[in-house]
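Bear in mind these aren't lab numbers, they're just calculated from the coordinates by the rules spelled out. Because the structure is a prediction, the values reported are computed rather than measured. With ideal geometry, Cβ positions are generated from the backbone for all residues, glycine too; neighbour counts draw on all protein chains shown.
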Ligand SMILES: *Cc1c(COP(=O)(O)O)cnc(C)c1O
């Protein structure tokens, strides 16, 4: 029986104080006058863009990055005074709305520059960032377009150019030769363009040292506790716990089966606990029969396949007193990092966070709660 006093759900607990502490920690790497922005794309890496945006604002953060126009519009409601850049740029149909909500598009091509300059000619100067491709080959002006713009800076027209930026491909590998190559390409590009604040570093880039900082840095993952250099000790504080309610416990005889496909046939009498999380919550299906989670502080294996809403655990080794229906089972928390769950899932922490299910109940805490 499920205890009627408890829920039957999974939750995501976000520690806003830890995010604030991480923001301060990143700021401590920066020289005077270097602006530390906050990257809040994909709903703040899955954790809640507006809540985190307000917490960062309280720490003095005034510049934010999102990827999509809709993300920018939503964030604008929470942060009326912030400077908000939209990394994927402005589609022609959205340009007027960008201006109305004071969202600054990232201009990723010469065509983007022309379109935004036309809007500024009509409506007066509006802010934008100019993105130069220095090796990602993804977005940003490629070298031949940079040449054209450098030769004819008047193409920028009345654009209020707030930022010239580029993005590192290999920042999380300190010794990777791409870093120095991109730094040199970015410095050269900047020198050929009208003066504006410059930005190259993401989370990892901040820890590559002051030459990578320029006027503004753009951390995302590190704010949320991610490790800037995955092969070194993590200087950031963890910010999330993921927990699922324990729903039921049963004993199943030898020869019994567990879960979809009856994929697990029990070799001995086994105590099975069912918890309220599944792949719909972002707990990956490939963790079936592979992962371990913490029940009452003890590590136990997942048994059988992961369902949409449920996971089964082999708790044969645990006393019945430790298996309280309604109690929380730790998926990520003090004993287990997001990075570890990601490794077990065959992916990276960025993907784990941004694919957490919308259904997970979000709780925001401050302090040590
Ligand atoms: C996502 C992103 C960032 C933040 O990167 P992290 O590795 O999460 O710090 C910075 N700049 C750009 C252009 C991005 O797309």
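Values for this structure:
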item: Residue selected from segment 44-81 under the condition surrounded by fewer than 23 Cβ atoms within 10 Å (Cβ to Cβ) and within 13 Å of the ligand (Cβ to nearest atom), by the criterion farthest from residue 129 (Cα to Cα); result: 68
item: Subset tally (residues that are surrounded by 15 or more Cβ atoms within 10 Å (Cβ to Cβ) and either within 12 Å of the ligand (Cβ to nearest atom) or free of Cβ contacts under 8 Å to residues at least 24 places away in the same chain (or both)) for segment 188-207; result: 9
item: Wholly enclosed strands (runs of 3 or more DSSP E) of segment 280-369 bearing at least 3 residues buried (at least 20 other Cβ atoms within 10 Å of the Cβ); result: 311-314, 328-332
item: Segment 166-187, residues that are surrounded by 14 or more Cβ atoms within 10 Å (Cβ to Cβ), away from the ligand (no atom under 13 Å from the Cβ) and either without any contact (Cβ under 8 Å) to a residue 40 or more places away in the chain or not in a helix (DSSP H, G or I) (or both); result: 174, 176, 179, 183, 187
item: Which numbered condition residue 84 misses (of (1) free of Cβ contacts under 8 Å to residues at least 40 places away in the same chain; (2) more than 15 Å from the ligand (Cβ to nearest atom)); result: (2)
item: Test: residue in segment 239-260 that is under 30 Å from residue 60 (Cα atoms) and either in a loop (DSSP other than H, G, I, E, B) or without any contact (Cβ under 8 Å) to a residue 12 or more places away in the chain (or both); result: yes
item: Counted residues, segment 208-228 - those being outside any loop (DSSP other than H, G, I, E, B) and either away from the ligand (no atom under 13 Å from the Cβ) or in contact with a helix residue (DSSP H, G or I) (Cβ under 6 Å, 6 or more places away or on another chain) (or both); result: 8
